[in-house]
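Nothing in this text is a laboratory measurement; each read-out follows from the coordinates by a stated rule. Treat the numbers as computed from the prediction; the structure is a model and nothing was measured. A quick note on method: Cβ atoms are made from the backbone with ideal geometry, for glycine too, and the neighbour counts reach across all protein chains shown.
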């Protein structure tokens, strides 16, 4: 069997995909991946003291669901935990199928996973203010009848929350499931969609621990009507969240004070970053409700490289959003190094 | 939106699925899940000392691939690591599609995942000796042209290795991919299919760390031609193996002596279990190359319950393989309790 033969065996939709480019660029100040600059200290691993490496994880992640439920005031039957939000997107699309609608630009995995699973993707450009284009979206909802709509709010990489009113109109109009991905909600001044879960049975809210200091764990979760949870649970792999991540997540969620300090510090640093960037002549930062800032600049490719030479890694989005880079909020010191470099280089 | 409306939104293939029944039965001696009775001691968690909880995992699991490669004498480009073998089955079916052929009885996840992904499943009963029914399988290969064949050898739950000659004939005859799942290979006296990888480009070997003391981690891996790895890698979620599991797996794979003792002890205990069970009048144990023993007994349901009352949990397979229970090899002491109970109850 030759290499060509192997390619011919691959489903055509997969054949045309490219592996996710996750090349690591060695760099001292890593402000590219929307990670928290604050991790939990080593003593968090004490939670593993009595963990038996030879036993399978709790397939229901019961303790973790209780810990999540306590934090968000919801019941375990409304929660499904995944190996990161990515896995939950996989499961949701496997459960409901396509067409899958999402705005663009947004988190890339909605489209990538839908494509890998052979589902049609409908990408509706955001309006000029980076908000949902309501008219085009409602038109597409009517004509194409998407079974799934993914709305990331606050949106990555633009940083803004979509208008709650527009989201509600879409949920009202849709005969399918609407997933509001609130990965960046902890950094937002808006209240998010949790309080609206009772009003909309086709609403699914997605959250993650990855942005609040626990990206290493891969723990995401969806919150939805128990009927939806039951259906998605059918395609969930029984032991999808490993024992170590379950234990550490439970321990970390108990550290309410520390989590709160992490989040508050990130928000205040984001505001400092924004106001200092706004004062620079050649730079236009966009207001952010997330843990990163999108900004426009004359020579984004050059600036990206120049920052890299100063050991500051940001995300170059010039391919998709012309003229834009995205910087994740780091520690105060990291942000200062970034600002200084930006000032000197621009 | 009513509950019925939600069900109607679900893809029909998923609607008819039932969630994996992973109910936990509290029991002192747990011999039901083919776990190793031996876990790594707490000091293995020292490997997490410098782990940053706030950073995403290495998406390529480079160190882990090197550690796996060293153990099996293969190169990283021939390895893909998954969140347990389950996830890799998901990916392999997403990549190549169906029809999916597997013998029956065998590991249930091949069929469950294929069904969830909407692929046709062809299940060919094993012959009386629990080996592959070569004639029926080759007929199905010719007529149905399965794009994927899953063969678990040693097979769960029967415990035997399939005839290597029959497997080779199937690989030769198949124009699709043949996955030989060697989850239980460490306990087998046969050499397995790794040395044959060069001869067959459509051969994929699946392995796991779950049976050798690390089920808590969820680390499985496939070994195959780089062209196959490249294709499956396209549907892999970028951060599918969390940082904690990567680090602990690397540390555990260095403990060669301990791993070797674990495995040797399990094999010798399996032999003791087998010979003592074989001496009991009303019990027929089947020879095993794995870390469990399938056995036939007159009243399997009663025996299952009676063992449970003595705090020994085994797997009741009477639904699928009439008259059979399956016992996982435990510690010497656990096995002795099981044998004593079996002797007194049968």
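Worth a mention:
- Taking the number of Cβ atoms within 10 Å of each Cβ as an exposure proxy, the fewest-first ranking of A:206, B:280, A:277 is B:280, A:277, A:206.
- Zone of residue A:265's modelled label, taken as backbone nitrogen in the stretch A:20-61 under 17 Å from a point 7 Å along Cα→Cβ: A:29-31, A:34-44
- Helix-only arithmetic for the protein assembly as shown: the sum of -39500 (n - 2.57) across DSSP H runs with n ≥ 4, divided by the residue total, places the mean residue ellipticity at 222 nm at -11500 deg cm²/dmol.
- Normalised contact order of the stretch A:55-254, rounded percent, pairs of Cα under 8 Å and 6 or more residues apart: 28 percent
- The stretch B:78-157 versus the stretch A:243-292: alpha-carbon centroid distance in Å: 46 Å
- Residue B:108-residue A:189 FRET efficiency (beta carbon distance; Förster radius 35 Å; 0.05 resolution): 0.15
- Peptide A:111-118 has a mean shielding of 3, counted as Cβ atoms of other protein chains within 10 Å of each residue's Cβ.
- Using the Cβ-Cβ distance between residue B:8 and residue A:143 with R0 = 22 Å, the FRET efficiency computed as 1/(1 + (r/R0)^6) comes to roughly 0.65.
- Centre separation in Å (Cα based) which lies between the stretch B:8-43 and the stretch A:29-59: 23 Å
- Peptides B:107-113, B:96-102, A:255-261 ranked from most to least packed by the mean count of surrounding Cβ atoms within 10 Å: B:96-102, B:107-113, A:255-261.
- Taken residue by residue and averaged, Cβ atoms of other chains lying within 10 Å of the Cβ of B:57-65 number 2.
- Rounded to 0.05, the FRET efficiency of the residue A:165 and residue B:343 pair, given R0 = 51 Å and the Cβ-Cβ distance, is 0.10.
- Classified by the C-alpha gyration tensor, the stretch B:121-241 has an oblate form. Its axis ratio a/c, with a ≥ b ≥ c, is 1.5 or above, and a/b does not exceed b/c.
- Over chain A, Cα pairs under 8 Å with separation of 6+ residues give a relative contact order of 23 percent.
- Inter-chain shielding of B:226-233 (mean C-beta neighbours from other protein chains, 10 Å cut-off): 5
- Residue A:28 paired with residue B:173, simple spin-label distance in nm, labels 7 Å along Cα-to-beta-carbon: 6.4 nm
- Ordering of A:42-54, B:234-246, B:319-331 by burial proxy (mean other Cβ atoms within 10 Å per residue, highest first): B:234-246, B:319-331, A:42-54
- Whether chain A is rounded, prolate or oblate, judged on the alpha carbon gyration tensor where a/c under 1.5 counts as rounded: rounded
- Full-stretch length increase - residue B:120, residue B:282 - with 0.36 nm per residue and alpha-carbon distance subtracted: 54.3 nm
- Percentage relative contact order, the stretch A:1-157, counting C-alpha pairs under 8 Å, at least six apart: 20 percent
- Packing-based ranking, highest mean first, of B:195-202, A:297-304 given that Cβ atoms within 10 Å are counted: A:297-304, B:195-202
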